[in-house]
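Trainee: Once you've had a glance at the structure underneath, I'll fire off some questions.
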Amino acid sequence: MRRFAAVKVSRYCGCMEVLERELTVRKVDLSGEWLGFYTGHFDEVVRITQKGDYVEAVKITGDEYVPAEEITWRANLRSGRGEGQIAEREFRNPRFVPGQLRIVSRDKLVFTWEGCGEVEFRRDD
C-alpha cells in the first residue's frame, strides 16, 4: 500500500511542477535589463527579450570572454531548456553549450551552463 501511495504522490508532485511552470510562463514577462552576478567576474548587465515562449539574453556590458552585444544565453520558458554561450579569452572559439533556465520569481532567475556553473540575475529597474 505504501508503494502505491508514494507513486501517486510522486505523480501528483510532478503534475504540480508542470502546472506551476505553465502558470509562471503565462504570467511572467522577463523583458528588460537584468543584473547578472558572474562568479570570478564583475556584475554584468544583460537585456532580455521575450517572444512568446522564448527568451534571449544579450550582454550590455561584456567581459574578456563574451563581449557586449553578444548572446549570453537563450531558453524556452515552458521547458526551461536552453543554451549558453562560452568562449576563450578575447572571444576566441565561441560556442553554445546546453543550459537550463530557472525562474525563481518575477525579479530573480538563474541560468545554468552545463558543466560551467550558474549565474543569478536580478531585474535592474
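The values are calculated or read from the model by the stated rules, or taken from the named source; none is laboratory data. What you are looking at is a predicted structure, and each value in this text was computed from that prediction instead of being measured. Glycine also receives a Cβ, built like all others from the backbone with ideal geometry; neighbour counts cover every protein chain displayed.
Trainee: Look at Phe121 and say whether it is of a type outside the set (A, V, I, L, M) and either within 14 Å of Glu33 (Cβ to Cβ) or in contact with a helix residue (DSSP H, G or I) (Cβ under 7 Å, 6 or more places away or on another chain) (or both). Spell out how you get there, then give the answer.
Mentor: Details: of a type outside the set (A, V, I, L, M): yes; either within 14 Å of Glu33 (Cβ to Cβ) or in contact with a helix residue (DSSP H, G or I) (Cβ under 7 Å, 6 or more places away or on another chain) (or both): yes.
Against the criterion (of a type outside the set (A, V, I, L, M) and either within 14 Å of Glu33 (Cβ to Cβ) or in contact with a helix residue (DSSP H, G or I) (Cβ under 7 Å, 6 or more places away or on another chain) (or both)), Phe121 qualifies.
Trainee: Under 7 Å between Cβ atoms, at least 6 apart or on separate chains: pull out the pairs that start in segment 51-73 with a residue that is free of Cβ contacts under 8 Å to residues at least 12 places away in the same chain and over 15 Å from Phe121 (Cβ atoms) and end on any residue that is buried (at least 17 other Cβ atoms within 10 Å of the Cβ) and among the small types (Gly, Ala, Ser).
Mentor: Ala68/Gly62
Trainee: Among the residues of segment 57-70, is any over 19 Å from Asp43 (Cβ atoms) and either within 13 Å of the chain's Cα centre (by Cα) or surrounded by 16 or more Cβ atoms within 10 Å (Cβ to Cβ) (or both)? Steps first, please.
Mentor: First pass over segment 57-70, keeping only residues over 19 Å from Asp43 (Cβ atoms): none.
No; the residues of segment 57-70 include none that is over 19 Å from Asp43 (Cβ atoms) and either within 13 Å of the chain's Cα centre (by Cα) or surrounded by 16 or more Cβ atoms within 10 Å (Cβ to Cβ) (or both).
Trainee: Follow-up question, since we're still on this one. Is there any pair linking a residue in segment 99-125 that is over 11 Å from Trp73 (Cβ atoms) and hydrophobic (A, V, I, L, M, F, W, C) to one that is at pLDDT 95 or above and outside any strand (DSSP E or B), with Cβ under 9 Å and at least six apart or on different chains, and which?
Mentor: From segment 99-125, the pairs are Ile103/Leu30; Ile103/Leu77; Ile103/Gly80.
Trainee: Could we say that Glu69 is outside any strand (DSSP E or B) and on the phi > 0 side of the Ramachandran plot here?
Mentor: Spelling it out, Glu69 is indeed outside any strand (DSSP E or B) and on the phi > 0 side of the Ramachandran plot.
Trainee: Considering only segment 82-112, state which residues are crowded, with 18+ Cβ neighbours inside 10 Å, more than 15 Å from Tyr54 (Cα to Cα) and under 9 Å from the mean Cα position of the chain (by Cα).
Mentor: Residue satisfying the conditions is Thr112 alone.
Trainee: Out of (1) more than 21 Å from Asp125 (Cβ to Cβ); (2) part of a strand (DSSP E or B); (3) under 16 Å from the mean Cα position of the chain (by Cα); (4) among the polar types (S, T, N, Q), what's the single condition that is false for Ser79?
Mentor: (2)
Trainee: Here's a follow-up. Restricting to segment 90-125, name every residue that is of a type in the set (A, V, I, L, M, F, W, C) and in a loop (DSSP other than H, G, I, E, B).
Mentor: Matches in segment 90-125: Cys116 only.
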